[in-house]
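To start, the structure itself, in structure tokens.
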Amino acid sequence: MFQRELETLAREELKRLQGVRLAETVERVYRRVPFYRRRLEESGIQPNRIRSVEDVKRLPFTRKGDLWENYPFGLFAVNREEVVRIHGSSGTKGKPTVVGYTKRDIDHWADLCARAIATAGGRPGDLFHNAYGYGLFTGGLGMHYGGERLGMTTVPVSGGNRSRQVALIRDFHPRGIAGTPSFILSLGETFAAAGENPRDTRLEYGIFGAEPWSEGMRETLEDTWGIDAVDIYGLSEVIGPGVAIECREAKDGLHIAEDHFLAEVIDPDTGENLPDGEFGELVFTSLTKEAFPVLRYRTGDIAALNRECCRCGRTHARMSRIKGRLDDMLIIRGVNVFPSELESVMLGVEEAAPHYRLVVTRQGHLDRLTVEVEAAEALVRRLGGTFDPGDPRCGEVCNRLRVLLKEALGVNAEVILRAPESLPRSEGKAVRVLDRRKSDASPLF
Ligand code: DLL
């Protein structure tokens, strides 16, 4: 472990620390951020009455819309001159969001990412291939600082340019790799296209996140690369990557860095706290941030919490894999589905490749879901080497998928098999859903 004494704190100790840090955070935002002062006053909360972790439940929520209204620097709790770094998220679903970091925030974040990489199996001295995008997106620089902090040889490859990535992996022999699961999957194809087997590299572990992915995708990635694949979670509004990560030992839920973030799960409709084990919206309160503290930030991500001790020895609560984002949830004829749930079903069918896209349209008042999925090489071989969507064997696969989707998720979907490598590959976060019911908003950065 990178910070054993903090990662294994007894729960009572941890709660005490969180209480102290929560009080400091509330005091800080009350004094320094007019938006939070107003919100706290409207809720009748005097900052000096916030003393323990339980008090968090009395605080008002913060939403993405509040960030937009205070764009760009309105929620900073320090003078702009003290902000040494700005990050942001692309705003594919609306306006961009901007976040800031002081020197001390960057220092904490580097610790958190170092902690995360060590939890995934990284060690000082490793060579670390970092394929998260560098720039305003937090993935690249966050993991970069973490790699350096842990004492690894960090290779800042960023996303894209697959053939160069393949050459660097071949020549440098990294032990660890990080990137979005969809991008690393497509990198495996580039390896294979160059006549090489990704399993022949010296990679041992992969740190994948920034987008929803399923257990089936974990199996595919582990199998393709011969690695242990772990899930990392984070969001720029809270800090970036390093908020939570699975341990390589158990791969059973993501340990939340609870000494820096207070996590809750709420019913998204009522705002009530839900008991551990129940799925709802994840809400985070930062406990140590200076430039951009957040009170009860509603992430829109759906997960459940588990506070049982893990066999790796870490005491921090674990969150489940993210089931999906509330705003990615599709409502198909009244049935709620998340794209990652469809992914699990499709990866169970060997004739289907792990490359897919969901197209949602509306006919009259009804939503229609079309699942486009690429045929696996094994199927093409069975067809005599040429892909022919009209072949009855393709029709049989589509039917089988349709039935499985209906059985597992209760949705009626049209399934279309596409030729291998015909769907677009991701350079970073995969775009899995084409929602033709809405007009597309274009990202600002
Ligand atoms: O994606 C930070 C990050 C970088 C996390 C690298 C992990 C690795 P944003 O661009 O602000 O930040 O996007 C945050 O991405 O609210 C989730 O909806 C989604 N997300 C992040 N990690 C996961 C994950 C980064 N492991 C948004 N599983 C979050 C599912 C994830 N969704």
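The values are calculated or read from the model by the stated rules, or taken from the named source; none is laboratory data. Computed from a prediction, not measured in an experiment: that's the story for all the values here. Positions of Cβ are backbone-derived with ideal geometry, glycine not excepted, and every protein chain shown enters the neighbour counts. SASA here: full protein model, heavy atoms, side chains in, ligands and nucleic acids out. Shrake-Rupley method; radii C 1.70, N 1.55, O 1.52, S 1.80 Å.
Summary table below
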quantity	calculated
Of LYS57/LYS289; LYS103/LYS251; LYS15/LYS289; LYS57/LYS95, those spanning more than 22 Å from alpha-carbon to alpha-carbon	LYS103/LYS251; LYS57/LYS95
The chain - mean residue ellipticity at 222 nm from DSSP helices (-39,500 (n - 2.57) per run, n ≥ 4, rounded to 500)	-9500 deg cm²/dmol
Computed E for ARG402/LYS103 - FRET, C-beta separation, R0 51 angstrom, nearest 0.05	0.40
Accessible area of the stretch 329-435 divided out per residue, in Å², using a probe of 1.4 angstrom	49
Charge context of GLU82, other residues only, Cβ under 14 angstrom, K/R +1, D/E -1	+3
In order through the stretch 267-284: 3J(HN,Hα) via Karplus (6.51 cos²θ - 1.76 cosθ + 1.60), integer Hz, x for Gly, Pro	6, x, 7, 9, x, 6, 5, 9, x, 3, x, 8, 7, x, 7, 6, 10, 10
Kirkwood-type radius of the chain, with distances r between different C-alpha atoms, in Å	22.9
Charge-dipole axis of the chain as Lys and Arg at +1 and Asp and Glu at -1 on Cβ define it, positive-most pick from LEU295, PHE2, GLY384	LEU295
Where a label projected 7 Å from the Cα of ARG381 along Cα→Cβ would reach, residues of the stretch 313-357 with amide N under 20 Å	347-355
Test item: Cα-centred dipole of the chain, Lys/Arg +1 and Asp/Glu -1 on Cβ, debye	1020
Carbon plus sulfur fraction of accessible area for the chain, probe 1.4 Å, in percent	48
Per residue solvent-accessible surface (Å²) - the stretch 91-204, probe of 1.4 Å	36
Solvent accessible area, Å² - ARG333, 1.4 Å probe, full protein context	120
Solvent-accessible ranking of LYS406, LYS289, LYS323, LYS429, largest area first, probe 1.4 Å	LYS429, LYS406, LYS323, LYS289
Added length on full extension, which subtracts the Cα-Cα distance from 0.36 nm per residue, ALA167 to GLU350	62.9 nm
Rounded FRET efficiency, nearest 0.05, which uses the C-beta distance separating ARG393 from THR370 and R0 of 25 Å	0.75
Contact order relative to length of the chain, as percent, for alpha carbon pairs under 8 angstrom and 6 or more apart	15
Amide H partners (placed H, <5 Å) of LEU9, local residues excluded	THR315
At R0 = 56 Å, FRET efficiency that the Cβ-Cβ distance of ASP327 and GLU12 yields, to 0.05	0.90
